[in-house]
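The next block holds one structure in the form of structure tokens; read it before the comments.
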Amino acid sequence: MGVNRSLLFLSLVVCSFVVILAQDPADGWMAYAVGAVPEGTKRITRFEAKWKVGASPSEGEAFFSPWFGMDPADNLNLIQPVNPWSGSGWSMYTEYYEWDTGYNSNSDSYDVNSGQTLHGTLVYIPSTDSYNLTQTIVETGDTSQQIVKCEDGKKYVIPYFVYEKTWSCSSYPPDEIVTFHDIVIECDGKPCTNRIKWSARVKDANCDMTAHIIDPTTISITWSTSATSRYDSYSMEDLVKLNQKSGKGWTVNNKRMQKQDKGKISIQQ
């Protein structure tokens, strides 16, 4: 019995270690910006930004997304307004993902057009220890929304701006830039936008993806569609498998599901 219990304990330790390894920043993040809140901050109580939907890629089979969001200190509970390209068009909604359990929740998805403006907000609700996640198409007023409870009272303190999912460079939008602007952050209910210390980083280098900290209210991410990529030699099937490995909801549980069809990905409603 002692040996069996020891083996069981060892198995649990190994499994726990593997789970902990899966967290943000995740595989597939290319360029991103991460913010450090002022010392003494308990939680970010408001985080919002706007950006323009990118031009449609010339090669339509890929799926990827620019987004912003935030995590608690353990980087295991991501809340985010997302803007995926899913092979034939852009969409928007909000997402919550738990790395330790794999639980995922998406709000209703709306189609969006290139050039339209998105306004995402993450707002803390003290009475329920939760966040109101919204994503709005400014030109139409269409809004996708959900309420997310803070797991075990966790406090969100790490803000991100990200471009995610790795493909060959010609698969990305030809305008080669997304700019997040009108950034607003509140810490413990007070304005702290100008006190956030942003750092530009790269997780999976690809297509010269680079984050640029313009000022406290403006962050852009740029890339080159003419650059070479280590993924140029990958088949479409291999790229789909690679980019679904992270388990994120907008690649696995998206309402637009990918399937392999004669070497290309078609999008199913």
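For the reader, a short list of remarks on this structure follows.
- Exclusive hit being buried (at least 18 other Cβ atoms within 10 Å of the Cβ) and closer than 23 Å to TYR103 by Cβ, set VAL178, VAL162: VAL162
- The residues in region 187-201 that are more than 18 Å from LYS155 (Cβ to Cβ) and either touching a Cys at 6+ places or on another chain (Cβ under 8 Å) or open to solvent by less than 80 Å² (accessible area, probe 1.4 Å) (or both) can be counted, and the count is 4.
- Yes/no for THR225 being in a strand (DSSP E or B), crowded, with 16+ Cβ neighbours inside 10 Å and touching a Ser or Thr at 6+ places or on another chain (Cβ under 7 Å): no
- Residues in region 61-92 that are part of a loop (DSSP other than H, G, I, E, B) and not polar (S, T, N, Q): GLU61, ALA62, ALA73, ASP74, LEU76, PRO84, GLY87, GLY89.
- The set of residues from region 76-104 being surrounded by fewer than 17 Cβ atoms within 10 Å (Cβ to Cβ) and either aromatic (Phe, Trp, Tyr) or touching a residue at least 12 places away in the same chain (Cβ under 8 Å) (or both) comprises SER88, GLY89, GLU98, ASP100, GLY102, TYR103, ASN104.
- The C-beta contact set for region 194-210 (first residue more than 19 Å from PRO173 (Cβ to Cβ) and at pLDDT 95 or above, second residue open to solvent by less than 60 Å² (accessible area, probe 1.4 Å) and aromatic (Phe, Trp, Tyr), distance under 6 angstrom, 6+ apart or interchain) comprises ARG201/TYR32; LYS203/TRP29.
- Scanning region 105-116 for residues that are assigned to a strand (DSSP E or B) and open to solvent by 30 Å² or more (accessible area, probe 1.4 Å) returns ASN106, TYR110, ASP111.
The values are calculated or read from the model by the stated rules, or taken from the named source; none is laboratory data. What you see is a predicted model; the values in this text were computed from it and never measured. Please note: Cβ atoms are built from the backbone with ideal geometry, for glycine as well, and neighbour counts cover all protein chains shown. When the accessible area is computed, the model is the full protein with side chains, heavy atoms only, and any ligands, DNA or RNA have been set aside. Shrake-Rupley method; radii C 1.70, N 1.55, O 1.52, S 1.80 Å.
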